[in-house]
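Okay, structure first, notes after.
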């Protein structure tokens, strides 16, 4: 008889980036709540207001983030610090509300993302 070991699966590299980001944000954002699945995560504040969606890459160290606020102001303020993604115009609620889109691929990106996400939250 062969016994199988109950081995816990190691989180993907992108999920590890997400954990680092969310742990840093918990120090800066009052009443931060986090929801997570294997692919999508969300950042909420007290009262359940979601201010960011996060898409986890499957096989590489990369997370894409969509968040609230005025994209022109944020892009001007964080140019050179944040790797913004081009967004296609949409007519739906998600596209209208979550206008800012950027990528996090390493620890330096996390530092800058924490500053940006803290600013756009209601903290």
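The values are calculated or read from the model by the stated rules, or taken from the named source; none is laboratory data. Bear in mind that the values here come from a model prediction, so they are computed numbers and not experimental data. Here Cβ is always computed from backbone atoms with ideal geometry, including for glycine, and neighbour counts include all displayed protein chains.
General remarks:
- Residue within the range 54-65 that is at pLDDT 90 or above and more than 19 Å from residue 12 (Cα to Cα) present: no
- Extreme residue, modelled with the lowest pLDDT, among residues of the range 71-113 that are surrounded by 12 or more Cβ atoms within 10 Å (Cβ to Cβ) and in a loop (DSSP other than H, G, I, E, B): 87
Conditions tested, residue by residue: (1) free of Cβ contacts under 8 Å to residues at least 12 places away in the same chain; (2) closer than 14 Å to residue 99 by Cα.
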| residue | (1), (2) |
| --- | --- |
| 53 | no, yes |
| 58 | no, no |
| 61 | no, no |
| 75 | no, yes |
| 79 | yes, no |
